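To start, the structure itself, in structure tokens.
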Amino acid sequence: MNRWHVLGATFVLLTALCGSASALPAEPTEEGVMFGGQWTAANNTTTQTSGLEDLKTVVEVFTATWCTNCVDVEHALEEVQANGLLQQYHVHRSIGESEDPFGTDVLDQRWKDKYGYDSPPTVVFNGSMKKIGSVADDGTLVNEFTNLATTNLDLGNGSTTFAWTPAGLDSGTVAWQLDIEQSQLDGYDLHVTVWVVETEAHFENGSNGLAVYPHVVHSIHDLGNAMNGTATLDLPAAHDDDDLEIHLVYELTPTEPVAPPQDDPVVEDESMPWIGAWPTAAMVMAVAFTRGRWANPRE
């Protein structure tokens, strides 16, 4: 093999290993849906009611302070959010991380358990559609994100009420009430969650050059499956400034299917073991006879 053959084989191998930067279309997550996004500043007392059809799209962003490709994705999302179409939640990578101070192992593991192991940037719309990477599959990222953000969840008529009452700087009480057609919940388990988000956090050493990182998720609290209730929450400390936010998000996850009953295994009647032994004995005798014939061909 000459050197040109070697170089060609090397190029093919490197291409296979490195892959390409082709666009990846958004794909279903099969993890159900998320909706809500009502929120307030953690130091503000509020009560608000919204129709389900008026809620913005809940968008989760898996990101990191070193992720250069994440910058294009996040700028496009900011443009779509400015048009009033979505509400962002940025989950920063944490497990095995040394260059990003904003993630937590709990949130990182939650992402992997729910959506699989994906590198930043990855964006999930309403918990149901996942877009990996920073290359647009539909014209531009703004166009693609706009189309994903305007997908109708068909939640039907209904409303959600969210209330927050702070108790100092590090705790408060949340209340909620979800009015939704029961048929919309068929086949799903309801999880009421509260997300504690920092409006923006500063990190000058971020190697992707942003320096200011918005919508940073600090913690997610699962409040159960009741359609209404109250709960007292302890709040984490902000990375800097006093800009924590409290967000109410509903998650509908597919109900675990009930495994069909298994037939009882067939058990041989041990009272007549010779029935099962006859085929084995016959096979052994046949093999012995054949070997004897080959060993003594004149017989």
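The values are calculated or read from the model by the stated rules, or taken from the named source; none is laboratory data. Here the structure is a predicted model, which means the values were calculated and not measured. FYI the Cβ positions are ideal-geometry reconstructions off the backbone, even for glycines, and counts take in every protein chain you see.
Taking the criterion of being closer than 19 Å to residue 145 by Cβ and either at pLDDT below 95 or outside any strand (DSSP E or B) (or both), the residues of segment 23-46 that qualify are 23, 24, 25, 26, 29.
If you filter segment 62-105 down to residues that are of a type in the set (Gly, Ala, Ser) and assigned to a helix (DSSP H, G or I), you find that the one that is farthest from residue 196 (Cα to Cα) is 76.
Of all the criteria given as (1) without any contact (Cβ under 8 Å) to a residue 24 or more places away in the chain; (2) in contact with a Ser or Thr (Cβ under 7 Å, 6 or more places away or on another chain); (3) small (Gly, Ala, Ser), the one not satisfied by residue 168 is (2).
One line per residue, one yes/no per condition, for (1) within 28 Å of residue 45 (Cβ to Cβ); (2) modelled with pLDDT of 95 or more; (3) more than 23 Å from the chain's Cα centre (by Cα):
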{"position": "225", "(1), (2), (3)": "yes, yes, no"}
{"position": "257", "(1), (2), (3)": "no, no, no"}
{"position": "264", "(1), (2), (3)": "no, no, yes"}
{"position": "278", "(1), (2), (3)": "no, no, yes"}
{"position": "289", "(1), (2), (3)": "no, no, yes"}
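Does segment 1-17 include one or more residues that are part of a loop (DSSP other than H, G, I, E, B) and modelled with pLDDT under 95? I'd like the intermediate steps shown before the answer.
Narrowing segment 1-17 to residues part of a loop (DSSP other than H, G, I, E, B): 1-2.
Then keep just the ones that are modelled with pLDDT under 95; that gives 1-2.
For segment 1-17, residues part of a loop (DSSP other than H, G, I, E, B) and modelled with pLDDT under 95: present.
Residues that are part of a loop (DSSP other than H, G, I, E, B) and surrounded by fewer than 18 Cβ atoms within 10 Å (Cβ to Cβ) were ranked within segment 106-129; the one that is nearest to the chain's Cα centre (by Cα) is 116.
Results for (1) over 26 Å from residue 115 (Cα atoms); (2) surrounded by fewer than 12 Cβ atoms within 10 Å (Cβ to Cβ); (3) not charged (D, E, K, R), shown as yes or no for each residue.
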{"residue": "196", "(1), (2), (3)": "no, no, yes"}
{"residue": "200", "(1), (2), (3)": "no, no, no"}
{"residue": "203", "(1), (2), (3)": "yes, no, yes"}
{"residue": "213", "(1), (2), (3)": "no, no, yes"}
{"residue": "222", "(1), (2), (3)": "no, yes, no"}
{"residue": "231", "(1), (2), (3)": "yes, no, yes"}
{"residue": "246", "(1), (2), (3)": "no, no, yes"}
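The number of residues in segment 178-194 being out of contact with any Pro (no Cβ under 8 Å at 6 or more places or on another chain) and loosely packed, with under 15 Cβ neighbours inside 10 Å comes to 5. Across segment 130-145, the qualifying residues are those that are of a type in the set (A, V, I, L, M, F, W, C) and not in a loop (DSSP other than H, G, I, E, B), and the one among them that is nearest to residue 117 (Cα to Cα) is 132.
Pairs meeting the criteria (first residue in segment 46-75 and under 13 Å from residue 213 (Cα atoms), second residue aromatic (Phe, Trp, Tyr) and in a helix (DSSP H, G or I), beta carbons under 7 Å, at least 6 apart or on different chains) are 62/111.
For segment 124-152, filtering for residues that are without any contact (Cβ under 8 Å) to a residue 12 or more places away in the chain and closer than 29 Å to residue 193 by Cα leaves 2.
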